[in-house]
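As structure tokens, the structure follows; a few thoughts come after it.
The values are calculated or read from the model by the stated rules, or taken from the named source; none is laboratory data. Computed from a predicted structure; not experimentally measured. Ideal geometry is used to build each Cβ from the backbone, glycine not excepted, and the neighbour counts take in all protein chains shown. The area values use the complete protein model at the heavy-atom level, side chains included, leaving out ligands, DNA and RNA. Shrake-Rupley method; radii C 1.70, N 1.55, O 1.52, S 1.80 Å.
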Amino acid sequence: SGSGKSTLLYMLAGLLKPSAGSVVLDGKDLYSLEDEELSRLRNEKFGVIPQGQTGLFALTVLQNVLAPAAIYGDTAAYENRARELLELVGISDLAESKMTELSGGEMRRLSIARALIMDPDIIFADEPTDDLDDENTLGVLALLKKTAESGKSVLLVTHEASAADYADEIYKMDAGTLR
């Protein structure tokens, strides 16, 4: 805790400007892009599973998962994928529920489905198994591993020891130094 893992993750995801250096993707420095261009790039290429319980409380679970598609696309084109993702994370029966009806673990799984909806090239996951029981933790880790095996990149920040069993590479961060 406090070593800078989440900060690094959010800088790499284009959400937190570094105080020095640059973040380059496909030859472009993310932080030299105009806001609109960076926003579109994040929407198309990145999926972010933030730490904590996130969602728009006025929307249903399904609408929350579809939110990234609503920004630049057509939600109808993504509805089947959204329902498949809700099934994969084990909350398909809650598609029409509001956020106030969800447990912390259900909100966490909603955010995982939302991060995957646009089929991003890179998934940035900040403690994605927080609030989950053992069974759902293993399910989420397996889903992220399967996502990586499909050719996507998954960068996962966690204290969860069992996550190491799913990783291709493991780095440790101590006092801001990546090892």
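Is it the case, given these coordinates, that Val157 is under 16 Å from Lys5 (Cβ atoms) and within 16 Å of the chain's Cα centre (by Cα)? Break it down into steps so the answer makes sense when it comes.
Details: under 16 Å from Lys5 (Cβ atoms): yes; within 16 Å of the chain's Cα centre (by Cα): yes.
Considered against the rule, which asks whether it is under 16 Å from Lys5 (Cβ atoms) and within 16 Å of the chain's Cα centre (by Cα), Val157 comes out as yes.
Do you know which of the residues in the range 158-179 that are touching an Asp or Glu at 6+ places or on another chain (Cβ under 9 Å) and among the hydroxyl-bearing types (Ser, Thr, Tyr) is modelled with the lowest pLDDT? Give the steps one after another, and end with the answer.
Let us first name the residues in the range 158-179 that are touching an Asp or Glu at 6+ places or on another chain (Cβ under 9 Å), namely 158-160, 162.
Retained after the next criterion (residues that are among the hydroxyl-bearing types (Ser, Thr, Tyr)): 158, 162.
On the way: Thr158: 92, Ser162: 88.
Per the stated criteria, the residue is Ser162.
Being assigned to a helix (DSSP H, G or I), out of contact with any Phe, Trp or Tyr (no Cβ under 6 Å at 6 or more places or on another chain) and either surrounded by fewer than 18 Cβ atoms within 10 Å (Cβ to Cβ) or not charged (D, E, K, R) (or both) is true for just one of Leu156, Leu144, Leu132. Which residue is that? Even if it seems obvious, please write down each step before you answer.
Numbers: Leu156 fails: assigned to a helix (DSSP H, G or I); Leu132 fails: assigned to a helix (DSSP H, G or I).
Criteria check complete, one pass: Leu144.
Assuming Thr60 fulfils every condition listed in (1) open to solvent by 40 Å² or more (accessible area, probe 1.4 Å); (2) closer than 22 Å to Asp131 by Cβ; (3) at pLDDT 95 or above; (4) in contact with an Asp or Glu (Cβ under 8 Å, 6 or more places away or on another chain) apart from one, which condition is it?
Checking Thr60 against (1) open to solvent by 40 Å² or more (accessible area, probe 1.4 Å); (2) closer than 22 Å to Asp131 by Cβ; (3) at pLDDT 95 or above; (4) in contact with an Asp or Glu (Cβ under 8 Å, 6 or more places away or on another chain), the one that fails is (1).
With respect to Ser32, determine if the residue is surrounded by fewer than 16 Cβ atoms within 10 Å (Cβ to Cβ) and in contact with a strand residue (DSSP E or B) (Cβ under 7 Å, 6 or more places away or on another chain). Walk me through it before giving the result.
Numbers: surrounded by fewer than 16 Cβ atoms within 10 Å (Cβ to Cβ): yes; in contact with a strand residue (DSSP E or B) (Cβ under 7 Å, 6 or more places away or on another chain): no.
For Ser32, the condition - surrounded by fewer than 16 Cβ atoms within 10 Å (Cβ to Cβ) and in contact with a strand residue (DSSP E or B) (Cβ under 7 Å, 6 or more places away or on another chain) - is not met.
One line per residue, one yes/no per condition, for (1) within 22 Å of Val157 (Cα to Cα); (2) without any contact (Cβ under 8 Å) to a residue 12 or more places away in the chain; (3) among the β-branched types (Val, Ile, Thr); (4) surrounded by fewer than 19 Cβ atoms within 10 Å (Cβ to Cβ):
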{"residue": "Leu66", "(1), (2), (3), (4)": "no, no, no, no"}
{"residue": "Ala76", "(1), (2), (3), (4)": "no, yes, no, yes"}
{"residue": "Ile112", "(1), (2), (3), (4)": "yes, no, yes, no"}
{"residue": "Pro120", "(1), (2), (3), (4)": "yes, no, no, no"}
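Sort through Lys5, Lys45 and tell me the only one that's more than 30 Å from Thr100 (Cβ to Cβ), open to solvent by less than 70 Å² (accessible area, probe 1.4 Å), of a type in the set (Lys, Arg) and at pLDDT below 95.
Values: Lys45 fails: at pLDDT below 95.
Just a single option satisfies the conditions, and that option is Lys5.
Quick check on my filter: what residues within the range 8-28 are among the charged types (D, E, K, R) and either within 16 Å of Ile122 (Cβ to Cβ) or surrounded by 14 or more Cβ atoms within 10 Å (Cβ to Cβ) (or both)? I'd like the intermediate steps shown before the answer.
We begin by selecting, within the range 8-28, every residue among the charged types (D, E, K, R); these are 17, 26, 28.
Once the filter is applied, which keeps residues that are among the charged types (D, E, K, R) and either within 16 Å of Ile122 (Cβ to Cβ) or surrounded by 14 or more Cβ atoms within 10 Å (Cβ to Cβ) (or both), the range 8-28 yields Asp26, Lys28.
What are the residue pairs meeting all of these: first residue in the range 34-56, first residue in contact (Cβ under 8 Å) with a residue 60 or more places away in the chain and over 13 Å from Leu9 (Cβ atoms), second residue loosely packed, with under 14 Cβ neighbours inside 10 Å and among the β-branched types (Val, Ile, Thr), Cβ atoms under 9 Å, and 6 or more apart or on different chains?
Qualifying pairs under 9 Å: Asn43/Ile71.
Taking only pairs six or more apart or across chains, which ones have beta-carbon atoms under 9 Å, a first residue in the range 1-20 that is in contact (Cβ under 8 Å) with a residue 60 or more places away in the chain and of a type in the set (S, T, N, Q), and a second residue that is open to solvent by 30 Å² or more (accessible area, probe 1.4 Å) and in a helix (DSSP H, G or I)?
Taking only residues 6 or more apart or on different chains, not a single pair turns up.
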